[in-house]
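Q: Quick one: structure below, then a few questions.
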Amino acid sequence: MNFTLPGGPATIGPELGRAVRTADEIGIHSFWPMDHFFQIAVAGQPEEAMVEVYSTLAWAAGQTTRMQLGALVTGVHYRHPGLLLKTVSTLDVLSGGRAWLGLGAAWNEDESRGLGVPFPPLSERFERLEETLQIAHRMFSGDDSAFAGRHYQLEHPMNLPAPLHRPPILIGGMGERKTMRLIAQYGDANNFFELSDPAALQHKFAVLRQRCDEAERPYEELVKTTFGRLGERDLDAAKRRLDRLADLEVDLAIVDLPDLADHSTFDYLAQLVELAAPLGRPTPKLLG
């Protein structure tokens with residue numbers, strides 16, 4: 001999402017407020033802003049506006065009543081896990097039980113270095129990701145016993161008030177060895193890029209099913225999600241796209257919102273919500 005608007009920073013709040021309220025009204029399933037501090041290349045230039053994700057989610061919770069709320073996805077090294085899970089739990093309590101925990105190993109070294117955030121090697125970020133997932137399962141379930149890991153030590157991870165409903169854990173990434181093992185072992189949902197080649201995406205889901213078998217985890221328990229661009233406003237093409245995702249047993253299709261100031265986008269999104277509703281097999285729910 002691009003937050004650089006013609007009216008400048010003062011218009012971000014009003015425009016985003018209109019967008020999330022409209023999305024809530026037309027039945028969009030959930031709101032997934034990115035966890036980035038600098039704008040990323042697919043949406044703009046690094047010097048363009050980017051809002052902080054958990055401030056945005058907390059603000060959006062007060063603007064809406066139904067939409068689920070999560071970060072796509074939290075960079076594991078940006079926040080200490082104890083404070084991150086306290087943040088997500090608070091979001092869940094104040095939103096009436098609508099929070100998700102989105103997590104990933106992160107990738108944007110430039111914004112980390114730019115803001116003075118240590119950027120460990122990828123192997124260490126995966127170690128930190130697994131420890132954070134272990135801590136999440138403890139804190140979300142009310143287990144406040146000490147945690148002693150290689151990277152994190154929590155003497156008393158008390159989490160009160162507890163979340164109203166255990167926030168589902170969505171793990172982003174398509175790595176077949178490490179990421180998919182973590183999804184199968186700790187996740188409630190995955191998030192894959194939609195990919196232009198259906199066969200390539202089918203292969204990724206097949207590997208995820210294999211990782212679930214290895215973890216003795218029912219594949220059907222996972223909520224399968226994808227992320228893609230909104231695309232051209234062609235309802236016939238959109239139906240074919242949703243049919244392909246349904247054939248892959250995708251449950252939730254997350255799409256970007258390319259232009260926050262384009263009010264007509266929501267007329268098209270409302271049509272897509274109606275289009276997705278009768279598909280079946282199961283029906284992918286459109287996420288914004």
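A short reminder: the numbers here are calculations on the coordinates, not readings from a lab. This structure is a prediction, so every number in the text was calculated from the model and none was measured. Cβ: placed from backbone, ideal geometry, glycine included. Neighbour counts: every protein chain shown.
Q: At a Förster distance of 41 Å, what's the computed FRET efficiency of Asp213 paired with Ser264, Cβ-Cβ distance as r, to 0.05? Intermediate results must be reported in sequence, preceding the final value.
A: Numbers: r = 45 Å, r/R0 = 1.11.
Computed FRET efficiency for Asp213 and Ser264 comes out at 0.35.
Q: If I take every Cα pair under 8 Å that is 6 or more residues apart in the range 9-287, average their sequence separation and divide by the length, what percent do I get for the relative contact order?
A: Working: 448 pairs, mean separation 42.4, N = 279.
Answer for the range 9-287 is 15 percent.
Q: So how strong a dipole does the chain carry about its Cα centre when Lys and Arg Cβ are +1 and Asp and Glu Cβ are -1, to the nearest 20 debye?
A: Numbers: 28 positive and 39 negative charges, 85 e Å.
Charge dipole of the chain: 400 debye, to the nearest 20.
Q: While we're on this one: Select from the chain the helices, each a whole stretch of DSSP H, whose alpha-carbon atoms run 20 Å or more along the helix axis and whose Kyte-Doolittle mean is at least -1.0; answer none if there are none. Write down the numbers at each step before the final one.
A: Numbers: long enough: 12-26 (21 Å, -0.13); 81-95 (21 Å, 1.00); 122-141 (29 Å, -0.57); 198-214 (24 Å, -0.54).
Membrane-span-like by this criterion, though nothing is claimed about a membrane: 12-26, 81-95, 122-141, 198-214.
Q: Taking springs between alpha-carbon atoms closer than 10 angstrom, which of Leu69, Leu133, Leu201 fluctuates most in the Gaussian network model of the chain?
A: Its mean-square fluctuation being the largest, the pick is Leu201.
Q: Let me ask another. Work out the P(r) tail for the range 109-253: percent of alpha carbon pairs separated by more than 28 Å, whole number. Before the final figure, lay out the partial values.
A: Numbers: 3463 of 10440 pairs.
Every Cα pair in the range 109-253 considered, those over 28 Å come to 33 percent.
Q: Calculate, in nm to one decimal, what Thr11 and Glu25 gain on full extension: separation in residues at 0.36 nm each, minus their alpha carbon distance.
A: Numbers: separation 14, 0.36 × 14 = 5.04 nm, distance 2.13 nm.
Length gained between Thr11 and Glu25: 2.9 nm.
Q: Based on the mean of other beta carbon atoms within 10 Å per residue, what is the order of 242-252, 74-84, 189-199, 154-164, most packed first?
A: Values: 242-252: 18.0, 74-84: 20.1, 189-199: 16.5, 154-164: 14.7.
Most protected by this proxy first, the peptides run 74-84, 242-252, 189-199, 154-164.
Q: Additional query: Kindly state, as a whole number, the per residue volume in cubic angstrom of the convex hull around the alpha carbon atoms of the chain. Mind dumping the intermediate values first?
A: Working: hull volume 37.9 nm³, N = 288.
For the chain, the hull spanned by Cα atoms encloses 132 Å³ per residue.
Q: Considering Cα pairs under 8 angstrom that are at least six residues apart, work out the relative contact order of the range 131-288 and quote it in whole percent.
A: Details: 215 pairs, mean separation 24.5, N = 158.
RCO, the range 131-288: 15 percent.
Q: Arg113 versus His137, label points 7 Å from Cα toward the beta carbon: distance in nm?
A: 3.6 nm
Q: Please compute the modelled spin-label separation between Glu124 and Glu48, points set 7 Å along Cα→Cβ, answer in nm with one decimal.
A: Label at Glu48, label at Glu124, 3.3 nm between them.
Q: Right, here's the next one. Taking the alpha-carbon distance from Lys204 and a cut-off under 12 Å, which aspartates and glutamates remain once sequence neighbours fewer than 8 residues away in the same chain are dropped?
A: Reachable aspartates and glutamates: Glu176, Glu194.
Q: Mind ordering 267-275, 98-106, 31-39, 14-22 by average Cβ neighbours within 10 Å, highest first? Walk me through the numbers on the way to the answer.
A: Details: 267-275: 16.4, 98-106: 25.6, 31-39: 22.6, 14-22: 18.0.
Ranking, from highest mean packing down: 98-106, 31-39, 14-22, 267-275.
Q: Let me ask another. With n ≥ 4 as the cut-off for DSSP H runs, can you work out [θ] at 222 nm for the chain, using -39500 (n - 2.57) per run divided by the number of residues, rounded to the nearest 500?
A: Details: 9 runs with 119 residues, N = 288.
Taking each H run of at least 4 residues, the total per residue is -13000 deg cm²/dmol.
Q: Another question about this same structure. Using the beta-carbon distance between Gln271 and Phe193 and R0 = 22 Å, what value does 1/(1 + (r/R0)^6) give for FRET efficiency, to the nearest 0.05?
A: 0.35
Q: Further question: Work out the FRET efficiency for Arg150 and Arg229 from their Cβ-Cβ distance, taking R0 = 35 Å, and round it to the nearest 0.05. Walk me through the numbers on the way to the answer.
A: Values: r = 38 Å, r/R0 = 1.09.
Using R0 = 35 Å, I get an efficiency of 0.35.
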